[in-house]
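S.K.: Have a look at the structure that comes next, please.
The values are calculated or read from the model by the stated rules, or taken from the named source; none is laboratory data. Keep in mind it's a predicted model, so treat the numbers as computed, not measured. Cβ coordinates were reconstructed from backbone atoms using ideal geometry, including for glycine residues, and neighbour counts include every protein chain displayed. SASA here: full protein model, heavy atoms, side chains in, ligands and nucleic acids out. Shrake-Rupley method; radii C 1.70, N 1.55, O 1.52, S 1.80 Å.
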Number of protein chains: 2
Amino acid sequence: MFTLSEENYLKAIYHLESDSKKGISTNAIAKSLETKASSVTDMIKKLSEKEVVLYKKYQGVTLTEFGKKTAANIVRKHRLWEVFLVEKLNFSWDEVHDVAEQLEHIKSPKLINELDALLGFPTHDPHGDPIPDKEGNVNTVDKILLSTLNKEESGVCVGVNDSSSEFLRFLDKKKITLGKKITVLEKEDFDDSLSIEIDGEKLSISKKIANNLYLKK
Amino acid sequence: MFTLSEENYLKAIYHLESDSKKGISTNAIAKSLETKASSVTDMIKKLSEKEVVLYKKYQGVTLTEFGKKTAANIVRKHRLWEVFLVEKLNFSWDEVHDVAEQLEHIKSPKLINELDALLGFPTHDPHGDPIPDKEGNVNTVDKILLSTLNKEESGVCVGVNDSSSEFLRFLDKKKITLGKKITVLEKEDFDDSLSIEIDGEKLSISKKIANNLYLKK
DNA sequence: AATAATTTTTAGACTAGTCTAAAAATAATG
DNA sequence: CATTATTTTTAGACTAGTCTAAAAATTATT
Ligand SMILES: [Mn+2]
Ligand SMILES: [Mn+2]
Ligand SMILES: [Mn+2]
Ligand SMILES: [Mn+2]
């Protein structure tokens, strides 16, 4: 069994690994958990004792297979709860994160299995992120950033890179939701902004937005 | 805000107060939380600082109004989650307690309001215990123990005194569920056992059972 | 009322998790 | 390659929550 704190560390390392491949640095973990490097070093030693990470001083950490499975299961719970909050409890996608952050630590295999069934075995959370299965396997889709599309190309919204409330509410305001088709009409060299078509309407989109919205061609 | 531990102490005191009226003793709290009296004394001081209990050395504690409201809110959450687990996730009434014990500490007013609505604003949990409203008010029903009924009298099952898995599964086996009518056919002076009628069938019930089943006349 | 039994509190210690400040190791730079 | 700069680890301290053992207060019993 893992403590709440250990679980949060595991999850942070899991997410950092999916981006960077190499050993995860103490500082990277500290930044992602808004804690201090010295605290991270302490915790890493505990996690290493528990055989969920491999650790050699000054070399960063890597999750073991056991660690990966454990972390994936926490992510699974987090995302299933997010679906529940949106589908059953009328939360909007920018309200779910903090609550899911708590709910992901509830210990009960039956609870999560039944929740999965209640929700109809969803494959993705409200932000388009894939839900790991019971074994910790994830279906990674080949999604690309809107900013990488060329003029005339189009795709369907499938996820966000930044899932802050601010960004999500911005998307809501612009009526950009998952599942909608976007076509790039124009790319401005000057400020890298885009002119896109969505819902048959023309919309101007900044570089920052285009860098945080994932599409599937 | 209260820590998980503080919340568990508050809830324990709340339940003990509803039985005993007077100041709750250190030992009683220790017993109910399976901890040591010295730990209780420490925690009581913190709770007293936070103005949720009144405390004078060697005199036991009483909840303040604020403390009562806070505790009732935790009980509210516990019982709403129990209803959710039974109604939506196919848990049986003997499986819900440990999970609800964790879920009751999740912090999110919106979560609990929406859950309440999803469940159709239930008034009682799966064990027949009343669910406090948002203000912490409880609808106490005048329920009586089966053991207090006289020969020929009858009532409807509305709750349990002991909510251990063992007792609840025993009731399941005997098909004694909330809402069913029970009539006392015979009272044995020898061992205080009862002969009852339920579902048109005759059943023999020990003193221990009769002391843990609540009826409403 | 005096003594014994019980309850409660205190004193001191321990673990988990965190922090600051300093030391050690690694990486970057001229 | 020698010197800086950065990263990481260690050392020591702090809080929350718990425990054991001993002291103090209360309650029960002769
Ligand atoms: Mn979390
Ligand atoms: Mn998400
Ligand atoms: Mn609890
Ligand atoms: Mn209950």
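S.K.: Do any residues of the range A:103-117 lose at least 20 Å² of accessible area when the full set of protein chains is present rather than just their chain alone, and if so which, with a 1.4 Å probe?
M.R.: Those are A:Leu103, A:Ile106, A:Lys107, A:Ser108, A:Lys110, A:Leu111, A:Glu114, which lose 20 Å² or more relative to the chain on its own.
S.K.: List, largest first, the extents of the alpha carbons of the range B:144-216 along their principal axes, each in whole Å.
M.R.: Principal extents (Cα only, largest first): 29, 24, 21 Å.
S.K.: Between B:Ser204 and B:Glu101, how high is the FRET efficiency from 1/(1 + (r/R0)^6) when r is the Cβ-Cβ distance and R₀ = 51 Å? Nearest 0.05.
M.R.: 0.90
S.K.: State, in square angstrom and to the nearest 100, the accessible area buried between chains B and A, both chains counted, probe radius 1.4 Å. Before the final figure, lay out the partial values.
M.R.: Numbers: alone 12620 and 12630 Å², together 23630 Å².
Protein heavy atoms only, the B-A interface buries about 1600 Å².
S.K.: Using a label position 7 Å from Cα in the Cα→Cβ direction, what is the ascending list of nm distances from A:Lys31 to the same site in the other copies?
M.R.: When each copy's label point is compared with this one, the spacings are 5.6 nm.
S.K.: Under the rule of -39500 (n - 2.57) per DSSP H run of 4 or more residues, summed and divided by the residues of chain B, what mean residue ellipticity at 222 nm is obtained, to the nearest 500 deg cm²/dmol? Please report the intermediate quantities before stating the final value.
M.R.: On the way: 8 runs with 93 residues, N = 217.
Computed mean residue ellipticity for chain B: -13000 deg cm²/dmol.
S.K.: In whole angstrom, how long is each semi-axis of the equivalent ellipsoid of the range A:83-201, when you take the square root of 5 times every eigenvalue of its Cα gyration tensor and sort them from largest down? List each step's numbers first, then the result.
M.R.: Values: eigenvalues 208, 49, 31 Å².
Values for the range A:83-201, descending: 32, 16, 12 Å.
S.K.: Once fully extended, how much extra length lies between A:Lys69 and A:Asp189, figured as 0.36 nm per residue of separation less the alpha-carbon to alpha-carbon distance? Intermediate results must be reported in sequence, preceding the final value.
M.R.: Values: separation 120, 0.36 × 120 = 43.20 nm, distance 4.42 nm.
Additional length available on full extension: 38.8 nm.
S.K.: Here's another thing I want to ask about it. Residue by residue, what Karplus-based ³J(HN,Hα) values in Hz, rounded to whole numbers, does the range B:29-45 have, using 6.51, -1.76 and 1.60 with θ = phi - 60° and x for Gly and Pro?
M.R.: 5, 4, 5, 5, 9, 6, 9, 9, 4, 5, 5, 4, 4, 4, 5, 4, 5
S.K.: For label points placed 7 Å from Cα toward Cβ, what is the shortest-first list of nm distances from B:His15 to its copies?
M.R.: 3.6
S.K.: Once you've got the Cα coordinates, tell me which of B:Lys180/B:Lys202; A:Lys134/A:Lys216; A:Lys11/A:Lys208; A:Lys174/A:Lys202; A:Lys77/A:Lys208; A:Lys88/A:Lys110 are over 22 Å apart. Spell out each step's value before the answer.
M.R.: On the way: B:Lys180/B:Lys202 14 Å; A:Lys134/A:Lys216 26 Å; A:Lys11/A:Lys208 26 Å; A:Lys174/A:Lys202 11 Å; A:Lys77/A:Lys208 30 Å; A:Lys88/A:Lys110 19 Å.
Over 22 Å Cα-Cα: A:Lys134/A:Lys216; A:Lys11/A:Lys208; A:Lys77/A:Lys208.
S.K.: Just the accessible area per residue of chain A, please: how many Å² with a 1.4 Å probe?
M.R.: For chain A, the per-residue accessible area is 54 Å².
S.K.: Please compute the modelled spin-label separation between B:Gln59 and B:Ser92, points set 7 Å along Cα→Cβ, answer in nm with one decimal.
M.R.: So the label points at B:Ser92 and B:Gln59 sit 4.9 nm apart.
S.K.: Same structure, new question: Tell me, what is the FRET efficiency for B:Lys134 and A:Thr3 to the nearest 0.05, using R0 = 30 angstrom and their Cβ-Cβ distance as r? It would help to have the intermediate numbers written out before the result.
M.R.: Details: r = 32 Å, r/R0 = 1.07.
Computed FRET efficiency for B:Lys134 and A:Thr3 comes out at 0.40.
S.K.: Residues in the range A:76-115 near a label at B:Asn113, defined as backbone nitrogen under 19 Å from the 7 Å Cα→Cβ point?
M.R.: Only A:85-100 fall inside the zone, counting backbone N under 19 Å.
S.K.: Say a label goes 7 Å from Cα toward Cβ at B:Asn150 in every copy; what distances in nm does this one have to the rest, shortest first?
M.R.: Label point to label point, same position, other copies: 9.5 nm.
S.K.: Sorted by accessible area (1.4 Å probe), largest first, how do B:Phe66, A:Phe91, B:Phe121, B:Phe190 line up?
M.R.: The ranking, largest first, comes out as B:Phe190, B:Phe121, B:Phe66, A:Phe91.
S.K.: Here is a further query. Please work out the C-alpha center-to-center distance from the range A:47-76 to the range A:146-180 and express it in whole Å.
M.R.: 33
S.K.: Could you check the spin-label model distance between B:Asn161 and A:Asp19? Points 7 Å from the Cα along Cα→Cβ, value in nm.
M.R.: Rounded to a tenth, the inter-label distance reads 6.0 nm.
S.K.: At a 1.4 Å probe, what is the % contribution of carbon and sulfur to the accessible area of the protein assembly as shown? Mind dumping the intermediate values first?
M.R.: Numbers: 11450 of 23630 Å².
Here it works out to 48 percent.
S.K.: Still on this structure, I have one more. Using the Kirkwood formula on the Cα atoms of chain B, what hydrodynamic radius do you get, in angstrom to one decimal? Don't skip to the answer; put the middle values down first.
M.R.: On the way: mean 1/r = 0.0530 Å⁻¹.
Evaluated on chain B, it is 18.9 Å.
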